[in-house]
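The values are calculated or read from the model by the stated rules, or taken from the named source; none is laboratory data. This structure is a prediction, so every number in the text was calculated from the model and none was measured. Methodologically, a virtual Cβ is constructed for each residue, glycine included, from the backbone with ideal geometry; neighbour enumeration extends over all protein chains shown. These area figures cover heavy atoms from the full protein model, side chains too; ligands, DNA and RNA do not enter into them. Shrake-Rupley method; radii C 1.70, N 1.55, O 1.52, S 1.80 Å.
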Amino acid sequence: MKNLRIGVDVGGTNTDAVVVGPGGTVIAEAKAATTPDPIGGIKAAVDAVMGQVDAPEALGKAMLGTTHPANAIIRRRDLDKVGVLRLAAPSSLGVRPSAAWPEDLRRIVIGPSKIVEGGFEYDGSPIAPLDEDAVRRFGGQCAGSVAAIAVLCAFSPAATEHELRAAELLAEECGTGIAISLSHTVGSLGLLERENATILNASLLTVAKRVVDGFRNTMAEAGLDVDSYLTQNDGTLMTVDEADRYPVLTVGSGPTNSMRGACALAGLADALVIDVGGTSTDVGILVDGFPRVSTAAVEVGGVRTNFRMPDLISMGLGGGTVVHNSARGGNGEIKVGPDSVGYDVITDAICMGGDTLTLSDISLAAGRMEGFGERSLTEGVEPATIAAAIDWVDGRIAVLCERMKASSTPLPLMAVGGGAHLVPEQIAGVSEVLWPPHHSVANAFGAAIAEAAGSVDKVYSYDASSREACLESAREEAKDAAVRAGAEEAGVRITSVAEIPMTYVPGGGCRVMVKAVGPLAE
C-alpha cells in the first residue's frame, strides 16, 4: 500500500522534509540549506530523508510548502507583466486598477489596463451588459505585450458569466500564449482587494510553473511515483495543477504549516504557536486546531488583498540574526538584527568557524542549544553580550505572545522551527512552554498531514429564502468543493460558518462564509 507521505517546506534558511506514516507517525526527517534556486534545497532535503526510508515504493503523496511566490513579490523579482481588465462600468470608474500599489511594483507588473461595461450587483442582477467589442479591443492591445491578463468583474463570486465570457473573447484575440486569471477563482468579495489578488496571481504564473515543475522533477528523479500537492494559506492542500493556476493562494503557507504541524505533534487544539526560523519569527494562535484567520485585509508586498491568511505577528528574530556591537567591557550595549546571515549560518556563525556573531552563537553559549556547532568557539564572546542578547530575545518573544492573545487568560505556547532553542522556558502570560516532538521540522510535518478543503463566500438573500435554507445550501456547496479538491466524502466536516449581515443592501442580504475540510481520499 502507498500509505506514506512526504512533506517538504522551504524556509528562508532551511528546507525541511519529513516522511509520515499512518496515524501521523514520523518515519524520517531531514534538513538541508535553502538554496537561491529553491529546487536545489528541495532536492537535497528529499534525497536526505528518502535515504532513511526502507520502502520508498510505499510513498503515495508528496506535499510542498514554499515561500518562493511570496518572496518573488517582496523582492520584485521574476514577475510577469499583466494586463488588467475590469468589468464594472459605469460603476467603479473613480478608482483605477493598481491605484494604491507601490510605484516600483506597479512599473514591473502592470501593463495595459481598462474598465469596460459589465458586472453584477450582489444578488446577481447585471450592472450593465458586457461590452464584448471593448473586451476584444483590449485583447488586441495586450497581444504580444503581456504574459498574462487579470480579469475582474463586480460581484463575480455571485455571478461568473461575464468573467467566463471575457476569458473566451480574450483567448480568441490573444491565442494560447497568454494566461488568463479570473477573479472569482482567486479572491472573495471586495472589488479592489480581489482585483489586486488576481493581478498578483497572474504575475506569479511563471514563478509557479518553475516551482511546480521543479517539484515534480525532483520526485521523478528520486524514483517516486506520487500524487503531488502544494499547501495553501489556510493550511489545506491544492493539487500541483491548481498551484500552476493559482499560485497567490500559497504565499502564506509557511507559517500555517508550522502551526498545523505544532497542533498535531503536541496534541493541542487551542494554544499560541511561535515559529522561530533562521531569519524571522512568526507568532500565531490556534483555535480548534486551525490558525485564527486575520480579520484585516492582508498586504502582500505592499498590495492590499482579501484572501484568507492566518493572523500572525512577525519580526526579524532567528538563529541567523546578527548581533552587532558586542558589549566590550561588560557594558551590555548591543544591537540585534534585523539583518540575518540566513542559510549562511552554517558557515558564517562563530560556532561554525565563521566570524559573524549570531543568535545561534548566543544560544549555544547560554546553554539553550545543543548539537549545532562547537561551543568552545564561542568562548571569546563577552558574558555581558550573551546576557544582553538573551534579555533582548526574551523580551521580544514575551511582547509578541502578549500581543497575539485575545484575553489575559494564560495559554500554552508551542515552540517550533529550527530556531526554537531561542525560546525561554518561562514567559509572562504563558501557562507553559512546550517543544513538541520533531518540533524543528513542524512546518514540513504540517504540510505532510494537511487536508483538502472547500469554501463558499457568497451573498444570500434571507428574504428570498429562509436563513436555515441558505446556510444549509452554503454548507453543501462547501462540502462538494472539498470533495472536488480531493477530500474523502465520508470524512468531510464543516470547520467554520460566518455570517455578515449587509444592512446597506435591500432584500435581507447576508454574506455567508463556510469552510469544509476533510482528509485526502486514498
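Quantify how much of the Cα-Cα distance distribution of the stretch 260-409 extends past 29 Å, in percent.
Details: 3139 of 11175 pairs.
When all Cα pairs of the stretch 260-409 are counted, 28 percent exceed 29 Å.
Suppose the chain between residue 497 and residue 213 were pulled fully straight at 0.36 nm per residue; how much longer would it get relative to their current alpha carbon spacing?
Contour length minus the Cα-Cα distance gives 98.7 nm.
How large is the Rg to Rh ratio of the stretch 438-522 when both quantities use alpha carbon positions and Rh follows Kirkwood?
1.14
If I compute solvent accessible area with a 1.4 Å probe over the protein chains, what percent of it on the chain is carbon and sulfur? The partial results should precede the final answer.
Values: 10510 of 21070 Å².
Answer for the chain: carbon and sulfur cover 50 percent of the accessible area.
Once both labels are modelled 7 Å past Cα along the beta-carbon direction, what's the residue 408-residue 315 spacing in nm?
It works out to 2.3 nm between the two label points.
For the stretch 372-429, list log₁₀ I(q)/I(0) at each q in 0.22 Å⁻¹, using the Debye formula over Cα point scatterers of equal strength and ignoring solvent, two decimals each.
Reported log10 I(q)/I(0), two decimals: -0.97.
Along the three principal axes, how long is the stretch 176-332 when you take its alpha carbons, biggest first, rounded to the nearest angstrom?
Largest first, the stretch 176-332 extends 68, 45, 37 Å along its Cα principal axes.
Please work out how many pairs of lysine residues in the chain are eight or more positions apart (or on different chains) and have Cα atoms closer than 22 angstrom.
12
What percentage of all Cα-Cα pairs in the stretch 364-522 are separated by more than 27 Å? Don't jump to the answer; show the numbers that get you there.
On the way: 6854 of 12561 pairs.
Tail of the P(r) past 27 Å holds 55 percent of the pairs.
Among 180, 27, 494, flag the residue with its Cα farthest along the positive direction of the charge dipole of the chain, charges on Cβ as +1 for Lys/Arg and -1 for Asp/Glu.
After comparing all options, I get 180.
Accessible area per residue of the stretch 201-344 at 1.4 Å probe, in Å²?
It amounts to 36 Å² per residue over the stretch 201-344.
What accessible area per residue, rounded to a whole number of Å², is obtained for the stretch 62-142 using a probe radius of 1.4 Å?
43
With axes computed from alpha carbons, what is the tilt in degrees of helix 467-484 against the longest principal axis of the chain, rounded to the nearest 10 within 0 to 90?
Computed tilt is about 70 degrees.
Peptides 246-259, 59-72: what's the order by average Cβ count within 10 Å, highest mean first?
246-259, 59-72
What's the extension gain from residue 465 to residue 374 if we count 0.36 nm per residue and subtract their Cα-Cα distance?
Difference between extended and current length: 25.8 nm.
Could you work out how far apart the two model spin labels at residue 95 and residue 176 are, taking each label as a point 7 Å from the Cα in the direction of the beta carbon, and quote it in nm?
Placing both labels 7 Å beyond Cα along the Cβ direction yields 3.8 nm.
Size of the chain along its principal axes in angstrom, Cα-based, largest extent first?
Per principal axis, max minus min of the Cα coordinates gives 75, 51, 48 Å.
Given Cβ point charges of +1 (Lys, Arg) and -1 (Asp, Glu) and nothing else, what value in debye, to the nearest 20, does the dipole of the chain about its Cα centre take?
Working: 41 positive and 65 negative charges, 167 e Å.
Computed about the Cα centre, the dipole is about 800 debye.
Using r as the Cβ-Cβ distance of residue 239 and residue 489, and R0 as 30 Å, what FRET efficiency do you calculate, to the nearest 0.05?
Working: r = 17 Å, r/R0 = 0.57.
Using R0 = 30 Å, I get an efficiency of 0.95.
For the stretch 57-186, what is Rg from Cα atoms divided by 2.2 N^0.38 Å, rounded to two decimals? Don't skip to the answer; put the middle values down first.
Working: Rg = 16.7 Å, N = 130, 2.2 N^0.38 = 14.0 Å.
In units of the globular-protein estimate, the stretch 57-186 measures up at 1.19.
Which of 111, 42, 69 sits farthest toward the positive end of the charge dipole of the stretch 1-144, with +1 on the Cβ of Lys and Arg and -1 on the Cβ of Asp and Glu?
Value: 111.
Which value results for Rg/Rh of the stretch 327-387 when Rg is the Cα radius of gyration and Rh the Kirkwood radius based on the inverse mean 1/r?
Taking Rh as the inverse mean 1/r over Cα pairs, Rg/Rh reads 0.94.
Over the stretch 190-246, what lengths in whole Å, largest first, do the semi-axes of the equivalent ellipsoid take, defined as the square roots of 5 times the eigenvalues of the alpha-carbon gyration tensor? Don't skip to the answer; put the middle values down first.
Working: eigenvalues 142, 32, 8 Å².
Rounded to whole Å, the semi-axes are 27, 13, 6.
Based on alpha-carbon centroids, what's the gap between the stretch 399-475 and the stretch 63-120 in Å, whole number please?
30
By how many degrees, 0 to 90 and rounded to 10, does the Cα axis of helix 38-50 deviate from the longest principal axis of the chain?
For helix 38-50, the angle is close to 60 degrees.
What does the convex hull of the Cα atoms come to per residue for the stretch 124-217, in Å³?
Hull volume normalised by residue count: 105 Å³.
At 0.36 nm per residue, minus the direct Cα-Cα distance, what do residue 431 and residue 355 gain on full extension? Give it in nm, one decimal, please.
23.5 nm
For helix 132-142, what angle does its Cα long axis make with the longest principal axis of the chain, in degrees from 0 to 90 and rounded to 10?
Orientation of helix 132-142: about 40 degrees from the principal axis.
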